[in-house]
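Notes follow once the structure below has been shown.
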Amino acid sequence: MTTARASAALAEPVERVGRGWTVALSLANGAIWVGWFGPLQILLASQAGDFAPGSGMSKETMLAWVTGAGAVVSLLANPFFGALSDRTTARRGRRTPWIVAGAAGGALSLLLLAGAGGLWTMTLGWCLVQLTLNAAFAAVTAAVPDRVPRLQRGSVGGWLGAAQILGVVGGTGLATAAGGVGAGYTACAVFTVVGVLPYVLRYEDLRLAPEDRSPWSWRGFLASFWLSPRRHPDLAWAWLTRFLINLSNSLVLLYLLYYLRDRLHYSDPDRGVLVLTAVNSLTLMATVVAGGVWSDRAGRRKPFVVWSGVLMAVATAVLSGWQTWPGAVVASAVLGIGFGVFTSVDFALMTDVLPKALDRGKDLGVINVANALPQVAAPVLAAPIVTYLGGYRVLYLVAAVIGLAGAVLVGRIRGVA
């Protein structure tokens, strides 16, 4: 490994990545999401149903405890492993060792879950899945600003977003088609490992030279996770806008089943959620890559993020003002269009406001907290609104206002067009 090659780890990339690299990284990203969403959509709920009788809690409560514990681990693990990958000087590079270790650890954790015999082993297994797969995900995400030039990040972010959606669908499909809980976990574990192999075997990672790494201290390491809004205002505004738009989206999705059942009185609310999810996924897939490519060609990010956020706010307001089944279908389709563009272009915008090349993984991990935190905050905000403050009409109106605020505040970012 030459010195020039080593120093490239901290350089701003200028050479466009090829289609093969993008496909391989996207496949690795999709494989990680298979490992997450096979359990989340199907397998954990099945186990909760098996373990709840005689435990003193309902299956819904058991599932909430398990997934809540996993969410806390996820919240902490992503920036932590991103920071560790920033400091890695291994021969295979900064990111590849963590992709390999994370995927392998995730597969073993999924197999542990397959053999869970009760609440505690189920919780331990799911927390380990979150811990290990977040290590891999942090490294995959950081590979983009490491290797992709700025005006290609929208399209690469779009392909990563498309792979994420396919990973959710694929994980659910594997868990369903495997024919049992144990077989479902095994299928997801195998795919998680196999899916990262093309990237880690075919593409060389950039190596960080030991002399480029900052001196180690626990105090400095922990202090680095605080990114001062005063010193990095663009990053702070970008984080806040992502948090608000994701919070709005989480509020929409959280009580969708209850909205169909209790407000619209839809005859088959479970099937209704499936239909709305399918509509949303189709329109999202139609725009996630196209939006990123269009943003790259225009050389601009903020207008795409602003208008996708406005579109999502309008769709959310439709759920408040047009409370019928056709209204829900239209809202789901429009939400998918907006969120597809937002997913790819906002990711590119985030990589454009990173303060230092030395901390890309850690900083992206801190940014990813804006994805996970709304899942924790949404139930706290939504429950009192639905119960005491006006029901679903007010809930979706509040969600629309939050999303619109996120879109408007994008204008406060100064360093990106």
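The values are calculated or read from the model by the stated rules, or taken from the named source; none is laboratory data. Note that the structure is predicted; figures quoted are calculated from it, not measured. Every residue, glycine among them, receives a Cβ derived from its backbone with ideal geometry; neighbour counts consider all protein chains shown. For accessibility, only protein heavy atoms count, side chains too; no ligands or nucleic acids. Shrake-Rupley method; radii C 1.70, N 1.55, O 1.52, S 1.80 Å.
Tell me the residue from 113, 75 that is open to solvent by 10 Å² or more (accessible area, probe 1.4 Å), of a type in the set (A, V, I, L, M, F, W, C) and in contact (Cβ under 8 Å) with a residue 60 or more places away in the chain, please.
Details: 113 fails: open to solvent by 10 Å² or more (accessible area, probe 1.4 Å).
Testing whether each residue is open to solvent by 10 Å² or more (accessible area, probe 1.4 Å), of a type in the set (A, V, I, L, M, F, W, C) and in contact (Cβ under 8 Å) with a residue 60 or more places away in the chain leaves just 75.
Can residue 277 be described as open to solvent by 40 Å² or more (accessible area, probe 1.4 Å), in a helix (DSSP H, G or I) and closer than 30 Å to residue 139 by Cβ?
Values: open to solvent by 40 Å² or more (accessible area, probe 1.4 Å): yes; in a helix (DSSP H, G or I): yes; closer than 30 Å to residue 139 by Cβ: yes.
Yes.
Can you pull out the residues in segment 338-361 that are in a helix (DSSP H, G or I) and surrounded by fewer than 21 Cβ atoms within 10 Å (Cβ to Cβ)? Spell out the reasoning first.
Here is the first cut: in segment 338-361, the ones in a helix (DSSP H, G or I) are 338-352, 357-361.
Correct list: 352, 357, 358.
If you go through segment 215-247 and pick out every residue that is within 16 Å of the chain's Cα centre (by Cα) and among the polar types (S, T, N, Q), you end up with 2.
What about residue 84, is it part of a helix (DSSP H, G or I) and crowded, with 20+ Cβ neighbours inside 10 Å? Against the criterion (part of a helix (DSSP H, G or I) and crowded, with 20+ Cβ neighbours inside 10 Å), residue 84 does not qualify. No other residue among 61, 88 is at pLDDT below 90, of a type in the set (Ser, Thr, Tyr) and over 22 Å from the mean Cα position of the chain (by Cα) apart from 61.
I need the full set of residues from segment 161-181 which are part of a helix (DSSP H, G or I), of a type outside the set (S, T, N, Q) and open to solvent by 10 Å² or more (accessible area, probe 1.4 Å), in order please. Talk me through it step by step, then tell me what you get.
Here is the first cut: in segment 161-181, the ones part of a helix (DSSP H, G or I) are 161-177, 181.
Subset that is of a type outside the set (S, T, N, Q): 161-163, 165-171, 173-175, 177, 181.
Passing the criteria: 163, 165, 166, 168, 169, 170, 173, 174, 177, 181.
Answer yes or no as to whether residue 296 is surrounded by 14 or more Cβ atoms within 10 Å (Cβ to Cβ) and touching a Lys or Arg at 6+ places or on another chain (Cβ under 7 Å). For residue 296, the condition - surrounded by 14 or more Cβ atoms within 10 Å (Cβ to Cβ) and touching a Lys or Arg at 6+ places or on another chain (Cβ under 7 Å) - is not met. Scanning segment 289-328 for residues that are over 30 Å from residue 156 (Cα atoms) and in a helix (DSSP H, G or I) yields a total of 9. Only one entry in 132, 96, 67, 123 is closer than 20 Å to residue 378 by Cβ, of a type outside the set (A, V, I, L, M) and out of contact with any Lys or Arg (no Cβ under 6 Å at 6 or more places or on another chain), namely 67.
Among 389, 373, 381, 395, which is more than 20 Å from the chain's Cα centre (by Cα), surrounded by fewer than 20 Cβ atoms within 10 Å (Cβ to Cβ) and in contact (Cβ under 8 Å) with a residue 40 or more places away in the chain?
Just a single option satisfies the conditions, and that option is 381.
Counting only residues that are open to solvent by less than 50 Å² (accessible area, probe 1.4 Å) and outside any helix (DSSP H, G or I), segment 198-224 holds 6 of them.
For the residues 184, 195, 158, the requirement of being crowded, with 24+ Cβ neighbours inside 10 Å, at pLDDT 95 or above and assigned to a helix (DSSP H, G or I) singles out 195.
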